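The values are calculated or read from the model by the stated rules, or taken from the named source; none is laboratory data. Owing to the predicted nature of the structure, the values given are computational and were not obtained by experimental measurement. Every residue, glycine among them, receives a Cβ derived from its backbone with ideal geometry; neighbour counts consider all protein chains shown. These area figures cover heavy atoms from the full protein model, side chains too; ligands, DNA and RNA do not enter into them. Shrake-Rupley method; radii C 1.70, N 1.55, O 1.52, S 1.80 Å.
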Amino acid sequence: MIEQDTIKLLRECDAGVKMGTESIEDVIDKVKSSSLRKYLSDCKVEHEKLNTEIQNLLDKYKDEGKDPNPIAKGMSWMKTNMKLAMDSTDETIADLMTDGCNMGVKSLNRYLNEYEAADEVSKDICKRLINLEERLAEDIRKYL
């Protein structure tokens, strides 16, 4: 049970970290404020570090991980591009990123509770990803 929950939690973290990284990549070139760009860039670097840890653990379990849900990914892409087409300000970008962070935090907490038998290393990665998302949402509030 521990191994199954560990793998399932790692898969969800894998999908979440990929979604976060891709979301940042979708907007970062449109950011006007150098400080907002730095917050996003730093967060992307942290996502990539966590992704490396997740991939190493998934390799250990001989699991390929999980890509973000294609429907969720497509909806996110459409929402981002539609909102930015109407209003491509840093405020809009901060709003989109905050929504994404909040959805990520909610999902990851749900998976952390659902896969409670996961090992402590995987739970720690999940908690660090949650903290990363919470911190970004808090840091960019001043741009809303």
- prompt: If you place +1 on the Cβ of every Lys and Arg, -1 on the Cβ of every Asp and Glu, and leave all else neutral, what size is the dipole of segment 81-124 about its Cα centre, to the nearest 20 Debye?
  reply: 160
task: Would you mind telling me the share, in percent, of accessible area of the chain contributed by carbon and sulfur at probe 1.4 angstrom?
output: 52
query: With every protein chain left in place, what is the accessible area per residue of segment 1-82 in square angstrom, probe 1.4 Å?
result: 59
- prompt: Once Lys and Arg get +1 and Asp and Glu get -1 on their Cβ, which of ALA118, THR52, MET103 lies farthest toward the positive end of the dipole of segment 52-118?
  reply: ALA118
task: Over segment 1-134, calculate the relative contact order: mean separation of alpha carbon pairs under 8 Å at least 6 apart, over the residue count, as a percent.
output: 46
For segment 43-85, convex hull of alpha carbons as volume per residue, Å³: 68
task: Give me the percent of Cα-Cα pairs in the chain that sit more than 19 Å apart, rounded to a whole number.
output: 50
